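Accompanying notes for the structure given below.
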Amino acid sequence: MRTTLLKAGLLAGVGLFAANAAQAVEIEYWQYVFDARVKAMDQLIENFEAANPGVTVKHVTFPYADYQTRVVAAHAAGRGPDVVQLFYGWTDNFVDGGILQPLSQEAFPHAQIEEDFFPIVTAMKREGEYWGLPTAVRSLALFYNKDLFEEAGLDPESPPTTLDEWVAAAEATTKRDGAGNMISAGTTLDMAGQDHHWWREVLVRQFGGEPYTDDYRTVTYDSEAGRAALEWYTDLQLEKGVGAAGFMDEGQAAFRAGLAAMTIDGTFRLGAFRSIESFEWGVAELPAGPDGTRSNYSSYFANGIGASAEGEELEAAEKFLAYITSEEAMEVWLETVGELPARREVALTEANLADPIYGPFLRGLEYAHTTLFVDEAAQRQLIIDATNRILLQGQSPEAALEQAARDEQALIDARN
Amino acid sequence: MARISARTSEPGVVTTAPLPSPTSPEAPPRGWHRLSMSQKQVVWAWGFLALPILFYAGIRFYPTLDAFWLSLTDWNLLRPARFVGLENYARLVSDPQFWQVFNNTFAYLLIGTPTSIVIAFVIAYYLDRVRFMHGLIRALYFLPFLTTAAAMAWVWRWFYQPPPIGAINGFLATFGIPAQPFLRSTEQALPAIMVTAIWAGLGFQIIIFMAGLRAIPGTYYEAARIDGLGELAILRKITLPLLKPTTVFLVVLSSIGFLRIFDQVYNMTTNDPGGPLGSTKPLVLMIYQSAFSSYEMGYAAAQTVVLFSILLVVSLLQLWILRERT
């Protein structure tokens, strides 16, 4: 443990000697309330304080619903945290608002970051500087109910690997009653959940398109491929009838209740699904597209340094950030929270890759994309609405997508 | 000031003015002692009143006024506010979503208020005559009013689910009626949510109506019956006119409630707030989203000013209309 720590310290360019030299310094670490995350962070703080006498870390948490508002309000009041957790999608807002300071290149050399972390870490780069580093990352995978597979005569140990196989499995597992009402879905259809990411970053690409230009400032999904992808998605309900938006209220609820054979969800759902006792479930990589294209959507919470930290506090904050993004911290995080390590070396071990649950998520990380949202909730809403216009109002996928693309472009332009 | 001093001094003057000042029989009265008893009462009254007034001014009036100023800026919590004139209002007028939300808000008001008042009156009218288990029935009607709106909204949300779990659809199915989409339909979602809001407020309105009914002197009814008036005529000529103050109170209160509807909508549509396709979104939810999801405080403040004006106009209008006709 000592050696890993030392390595992390050296890597950050801050020797452990500095720790002893520092006088009693207190820094504040902010994150949102989520039991496993709070527990993991408490443990990391304990380890860090033991290795750095004289530095204490105050762990402050807020409910997720007000977390962002609290950070912004505290900054406005001049009482911001020294190290703060933020969703990568908030980076634009936080950088523009002066909440964060760039990570010093001495403590966190760019070449080192780009070599050690998964490439999605570049979503934290603005104006040639890194503004935060993740401890853990998330990706999507296909969850499937082994009992329902078996019941439908499918092999519960060989989940679908292509979209065609996936549709076939969904058709085989869908159950309806005499009146034609769905009583168990082949797949969940929930754009408000993870499906909008799946459509945006995976399906659009698999149908031969690109959702955005590389800088995510121009919407390009209003294309033949985007339309085909959206039509394919809505046809799952309208033509094939293997799922229904709103079935069991939420996709994850339907899967949890054992009333949906398949759902696409993220690593963060593992905690909730682990408590399922009524059936066996498995995880598989997202199905490949017609031409074998694979893609995934990855997201993460990063840790950045507050703009107000300076002097000894800044030094302590840098040391703490280096520690919570070290290999050791990632192992603790994987064990406690179940989220994937952000460093390739820690993540892609043979044991992890062979793990029936982590394996598919980790393989997905290799080819994952990370959407640079300007307002995730608003951008998600546009895709939800486009889908609802097709499902509820019979609009053509062409018109629905055209409107979504126009509105989303306006949204992006307004924020630049 | 004049009104308060007049009110507080009236009773005081008669009883206390003639008394000599007990504290300073010799030295000329100074400061506090120079004041007469009635003046002291005024000072005390203002002293006590000042606290809530200051408190109110600080946490109510100042933010309200500040919202007017904010609505003229592009403040987003992060950057300092910049004056943009009426830009936010111009954007509001040209935002199709705002007009949809505006229509939704008035749909809640114009359907919700009369429906809830009529139902509450009918129930109160008949409940007033029921003696058998009167207290229990009244308590049952009042119960939803005591329950947290969020909890109720979630229960109703599950009632409205499609088969196989939705209780209402399960009930319809036993009569062979096809499953209804309810919250998943752009036409049915708003009425579906409104029903829960009406149901939640009903208990309170029934209690107030019953209090109003009890306050009408029984002799009026006796006289009317002796004169041979029918039940319907009694209702029209005596009950309803005498119940007018109660009705005005409830209409104003219920209108404000429906104009500010939020809890039910937000909790029943968390996955797609105000959806599907914005068909259930009221103004307050749009304000909430602009402010705390998109952080467009200036734009949200402009919407707040619009809501404030609507509430003000609707309340004044109702007070005026319902008072004119008495």
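What follows draws every value from the coordinates through simple rules; no lab data is involved. Note that this is a predicted model, so its numbers are computed, not measured. Positions of Cβ are backbone-derived with ideal geometry, glycine not excepted, and every protein chain shown enters the neighbour counts.
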For the range A:178-193, in order, what is each residue's ³J(HN,Hα) by Karplus, 6.51 cos²θ - 1.76 cosθ + 1.60 with θ = phi - 60°, in whole Hz (x at glycine and Pro)? x, 7, x, 6, 6, 10, 8, 8, x, 9, 7, 10, 8, 4, 6, x
Computed [θ] at 222 nm, deg cm²/dmol, chain B (DSSP H ≥ 4; -39,500 (n - 2.57); rounded to nearest 500): -21500 deg cm²/dmol
What does the helix-only formula give at 222 nm for chain A: each DSSP H stretch with n ≥ 4 adding -39500 (n - 2.57), the total divided by the residues, and the result rounded to the nearest 500 deg cm²/dmol? -12500 deg cm²/dmol
Find the lysine pairs in chain A meeting two conditions, Cα atoms under 21 Å apart and a separation of 8 or more places or different chains, and report how many there are. 7
Would you kindly give the portion of the calculated P(r) for the protein assembly as shown that falls above 39 Å, as a percent of all Cα pairs? 50
Karplus couplings for the range A:109-124 from phi (6.51 cos²θ - 1.76 cosθ + 1.60, θ = phi - 60°), rounded to Hz, Gly and Pro as x? x, 4, 4, 5, 4, 5, 7, 8, 8, 5, x, 4, 5, 5, 5, 8
Residues whose placed amide H lies under 5 Å from that of residue A:25, excluding near-sequence neighbours: A:55, A:56
Amide H of residue A:298: which non-local residues (sequence gap of 5 or more, or other chain) have their own amide H closer than 5 Å, using H built in the peptide plane? A:369, A:370, A:371
Spelling it out for residue A:100: with amide H atoms placed in the peptide plane at 1.01 Å from N, the residues 5 or more places away or on another chain with amide H under 5 Å from its amide H are A:307
Please compute, over every Cα-Cα pair in chain A, the percentage with a separation greater than 41 angstrom. 19
Cβ-placed point charges (K, R +1; D, E -1), dipole of the protein assembly as shown about Cα centre in debye, nearest 20: 4880
With everything on Cα atoms, drop me the angle between helix A:311-324 and the longest principal axis of chain A, reported from 0 to 90° to the nearest 10. 40
Between helix B:2-16 and chain B: long-axis angle, C-alpha atoms, 0 to 90°, nearest 10: 50
With +1 on the Cβ of every Lys and Arg and -1 on the Cβ of every Asp and Glu, the dipole magnitude of the range A:36-118 about its Cα centre, in debye rounded to the nearest 20, is 460
Once phi for every residue in the range A:248-254 is put through the Karplus expression 6.51 cos²θ - 1.76 cosθ + 1.60 (θ = phi - 60°), the whole-Hz ³J(HN,Hα) values, with Gly and Pro written as x, are 6, 6, 9, x, 5, 5, 4
The FRET efficiency for residue B:103 and residue A:79, from their Cβ-Cβ distance with R0 = 51 Å and rounded to 0.05, is 0.75
GNM top mover of B:31, B:275, B:230 - chain B, alpha-carbon springs below 10 Å: B:31
In degrees from 0 to 90, rounded to the nearest 10, what is the angle of the helix B:297-324 Cα long axis to the longest principal axis of chain B? 80
